[in-house]
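A.B. asks: So that we are looking at the same thing, I have put the structure below in structure tokens.
Each reported figure results from applying straightforward, stated rules to the coordinates on display, with no laboratory input. Here the structure is a predicted model, which means the values were calculated and not measured. Virtual Cβ from ideal backbone geometry, glycine too; neighbours counted across all protein chains shown.
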Amino acid sequence: MSLILNIETSTTNCSVSLSKQGETLVLKEDNNANYSHAESLHVFIDSVLKSAHIKKEELDAIAVSKGPGSYTGLRIGVSAAKGLSYALGIPLISVSTLEALAYQVQVTEGVIVPMLDARRLEVYSAMYDSSHQQIRAIEAQILDENAFLDYLNKGVVYFIGNGVSKTKDLINHKHAKFIEGKLPSANEMSSLAYEKYKKSDIEDVAYFEPFYLKDFIALKPKRS
């Protein structure tokens with residue numbers, strides 16, 4: 001048996017799930033635009049475990065969404081996951097944020113592009129086929145009207161994530177399908193974390209860091 005606690009905090013969606021053998025048992029999440037992860041995350045963890053009548057000591061592993069995404073959100077999620085993993089003496093598993101997001105699209109053909117909003121006309125994106133096999137690496141990508149054109153000319157491309165809102169304003173192609181209102185969730189992490197758990201594909205708790213993709217840039221406060 002494998003009971004895994006999954007933590008996703010890479011965007012405004014604070015999401016926690018408990019899974020057994022790769023199936024989600026309990027899911028609790030809240031998309032608060034104010035990024036209340038610091039206040040909500042541990043409350044959500046306790047709520048999920050209580051709902052399943054599971055004690056922390058019964059967990060077999062902790063899984064965390066590793067990024068890319070919000071610098072602060074990732075720090076909060078990873079810090080919590082590392083703390084639980086270390087305290088409980090159980091493995092830490094990292095799951096690609098964009099891969100988990102891609103799993104929200106279930107199709108039989110075409111290309112899936114999970115994308116998260118970065119700055120200005122930039123997104124963090126990757127590409128997967130309809131079997132969720134990665135066909136292009138994760139990158140910070142500048143958008144324009146020709147983005148993804150090679151793939152769009154060949155067939156349907158499904159765009160998903162909070163980067164979609166600005167993408168649909170730039171790309172006008174008959175093969176472009178925009179899935180709006182979707183964010184990474186701990187629900188899709190369940191199966192991915194379980195596959196890694198079975199292969200003992202785990203992280204070193206002491207040295208693991210989120211996958212930021214880009215360095216954090218602190219914005220200077222505006223002068224009054």
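A.B. asks: Taking 35 Å as R0, compute the FRET efficiency from the Cβ-Cβ separation of Lys55 and Leu213 and round it to 0.05.
C.D. replies: 0.45
A.B. asks: When you count, for each residue, the other Cβ atoms within 10 Å and take the mean per peptide, how do 47-58, 186-197 rank with the highest first?
C.D. replies: With the highest mean Cβ count within 10 Å placed first, the list reads 186-197, 47-58.
A.B. asks: Please give the length that would be gained between Arg120 and Lys168 if that part of the chain were fully extended, namely 0.36 nm times their separation in residues minus their C-alpha to C-alpha distance (nm, one decimal).
C.D. replies: 15.9 nm
A.B. asks: Quick check: residue separation of Ile135 and Ser2 times 0.36 nm, minus the Cα distance between them. What number comes out in nm?
C.D. replies: Using 0.36 nm per residue and subtracting the Cα-Cα distance, I get 44.9 nm.
A.B. asks: Calculate, in nm to one decimal, what Asn146 and Asn32 gain on full extension: separation in residues at 0.36 nm each, minus their alpha carbon distance.
C.D. replies: Taking 0.36 nm per residue and subtracting the Cα distance, the gain is 37.8 nm.
A.B. asks: Also, quick follow-up: Roughly what % antiparallel, to the nearest 5, for the DSSP beta bridges in the chain?
C.D. replies: 60 percent
A.B. asks: Okay, next question. Which value does Rg/Rh take for segment 25-97 over its C-alpha atoms, Rh per Kirkwood?
C.D. replies: Ratio value, two decimals: 0.95.
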